[in-house]
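Report on the following structure.
The values are calculated or read from the model by the stated rules, or taken from the named source; none is laboratory data. Predicted, not measured: the structure shown is a model, and the values here were computed from it. Cβ: placed from backbone, ideal geometry, glycine included. Neighbour counts: every protein chain shown. Ligands, DNA and RNA are stripped out before the accessible areas are found, and what is left, the full protein with its side chains, is counted by its heavy atoms. Shrake-Rupley method; radii C 1.70, N 1.55, O 1.52, S 1.80 Å.
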Amino acid sequence: MSIDRPRISKRIAAISESATLAVDAKAKALKAAGRPVIGFGAGEPDFPTPGYIVEAAVAACSVPRFHKYTPAGGLPELRAAIAEKTERDSGYKVEASQVLVTNGGKQAVYEAFAALLDPGDEVLVPTPYWTTYPESIKLAGGVPVDVVADETTGYKVSVDQLEAARTDRTKVLLFVSPSNPTGAVYSRAEIEAIGRWADEHGLWVVTDEIYEHLVYGDAEFHSMPVVVPELADRTVVLNGVAKTYAMTGWRVGWLIGPADVVKAAANLQSHATSNVANVSQAAAIAAVTGDLSAVAEMRTSFDRRRRTIVRMLNEIPGVVCPEPEGAFYAYPSVKELLGKEIRGKRPETSVELAALILEEAEVALVPGEAFGTPGYFRLSYALGDDDLVEGVSRVAKLLSEAG
Ligand SMILES: Cc1ncc(COP(=O)(O)O)c(C=O)c1O
């Protein structure tokens with residue numbers, strides 16, 4: 001006798017595959033099959049992890065303490081080092097006990113929302129958003145509420161827009177600067193206005209600072225609870241080593257919050273994954289206690305590529321790309337090109353146009369649908385200069401056929 005129940009739970013069946021990882025996987029598979037694909041999909045630096053960090057990990061392999069379980073919330077020495085690093089880099093003073101070490105920034109995102117949200121609680125999500133946020137909000141029972149900003153404001157939301165989206169169910173404001181996918185960086189004054197508004201309405205703030213060291217030109221990074229200290233008791237800061245130290249594969253992130261949130265998230269983590277791999281934590285200690293010269297070097301390369309990619313994209317008729325001021329992404333609008341004929345096809349959406357570009361120009365980019373705004377592409381410029389120029393040239397050649 002069969003019982004008519006879905007094989008996969010509704011909660012998990014509703015989660016979609018990470019579109020950015022899917023594009024990257026497809027590009028890598030085509031490459032492995034011998035096609036000369038150039039990928040703009042990956043959200044990771046193309047540099048190796050600095051040698052001194054790798055050496056710390058190698059040494060950690062032979063420390064017997066690291067062969068065993070360690071505290072689920074993180075090695076005490078790493079939590080202390082993260083607290084110190086946070087004060088050094090953003091001016092936010094926190095205790096080591098306010099830091100929870102997680103399996104990458106992604107687990108910190110998931111645990112922050114799981115710890116804060118009850119079913120039906122709304123989270124204001126500046127959109128375009130990084131694709132993981134709405135999924136982790138929904139998984140926690142919350143309701144993501146998109147607050148959309150477009151290229152005319154450099155993809156930055158205003159207090160008026162946030163206020164228009166606020167209801168009595170709004171519990172959390174998500175804030176990300178520099179932003180993935182747009183590279184937008186909010187000024188100190190903008191952060192202050194948004195932070196004061198959140199405080200006035202008793203909202204919580206989950207602020208993702210993972211790109212804190214990747215800002216260009218005159219742009220500056222500012223941490224919201226430093227700019228608006230009154231928010232500290234209702235703020236969760238998310239961060240990690242992935243982007244700053246080219247350590248995406250090591251899986252070390254963290255969240256910083258008030259004691260009750262950190263305790264709740266640590267309880268969850270103690271049942272889900274326990275401690276982060278100790279060898280990775282030892283590498284992270286070397287990273288956050290070391291200097292910032294490696295990220296300074298990466299920043300110089302990213303800045304050069306940023307200027308090249310923005311110039312080349314804006315030279316393509318029908319493409320509009322505001323200058324990103326942080327992270328390593330460009331987010332051009334391709335709305336004017338949709339519905340036009342290219343090589344016998346008439347792509348109506350950015351998903352269809354991205355598929356055509358992959359097929360015809362052998363270039364992988366992520367369509368805006370993945371970030372809540374159809375009609376755009378995200379291009380990561382964390383790839384070699386020559387590949388970047390060749391890839392965008394191929395796209396330009398193809399798109400110039402649009403008629
Ligand atoms: C905005 C943002 N936050 C957090 C993360 C998580 O990074 P990880 O889980 O690799 O530490 C990423 C990665 O792409 C990101 O772009």
Report summary line: Applying the gyration tensor rule to the Cα atoms of segment 48-171 (axes a ≥ b ≥ c; rounded if a/c under 1.5, else prolate if a/b exceeds b/c, else oblate), the class is prolate
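Could you state the accessible area per residue of segment 172-288 in Å², with a 1.4 Å probe and every protein chain left in place?
Value for segment 172-288: 30 Å² per residue.
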Query raised in the report: So how far, in whole Å, is the C-alpha centre of segment 301-379 from the one of segment 11-32?
Result: 18
Query raised in the report: Which whole-number percent gives the relative contact order of the chain, counting Cα pairs below 8 Å spaced six or more residues apart?
Result: 22
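Take the solvent-accessible surface of the protein heavy atoms, probe 1.4 Å, and return the percent of it on the chain that carbon and sulfur atoms account for.
The value for the chain is 53 percent carbon and sulfur by accessible area.
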**Report entry** Mean accessible surface per residue for segment 1-153, computed with a 1.4 Å probe while every protein chain stays in place, in Å²
**Finding:** 53
Report task. Ignoring everything but the protein chains, give the 1.4 Å probe accessible area of residue 18 in square angstrom, nearest 10. Result -> 30
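At 1.4 Å probe size, with every protein chain present, just tell me what the per residue accessible area of segment 307-403 comes to in Å². Kindly include the intermediate steps, with their values, before the conclusion.
Details: 3690 Å² over 97 residues.
Solvent-accessible surface per residue comes out at 38 Å².
Given axes a ≥ b ≥ c from the Cα gyration tensor, I'd like to know whether segment 51-289 is rounded (a/c under 1.5), prolate (a/b larger than b/c) or oblate. Can you show the working numbers first?
Working: a/c = 1.97, a/b = 1.54, b/c = 1.28.
Prolate is the answer for segment 51-289, as a/c is 1.5 or above and a/b outweighs b/c.
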Query raised in the report: Based on the Cα atoms of the chain, what semi-axes does the equivalent ellipsoid have, where each is the square root of 5 times one gyration tensor eigenvalue, given in whole Å with the largest first?
Result: 33, 25, 23
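Would you calculate a helix-derived [θ] at 222 nm for the chain, using -39,500 (n - 2.57) for each DSSP H run of n ≥ 4 and dividing by the full residue count, to the nearest 500?
On the way: 14 runs with 164 residues, N = 403.
Computed ellipticity for the chain at 222 nm equals -12500 deg cm²/dmol.
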Query - Global form of segment 333-392, assessed from the alpha-carbon gyration tensor, a/c cut-off 1.5 - result: oblate
Query raised in the report: Between segment 214-282 and segment 93-133, how many Å separate their Cα centres?
Result: 9
Report summary line: Each label sits 7 Å from Cα toward the beta-carbon; between residue 300 and residue 3 the label points are separated, in nm, by 6.4
Query - Nearby lysines by direct alpha-carbon distance to residue 243 (threshold 20 angstrom, same-chain neighbours under 8 apart not counted) - result: 85, 106
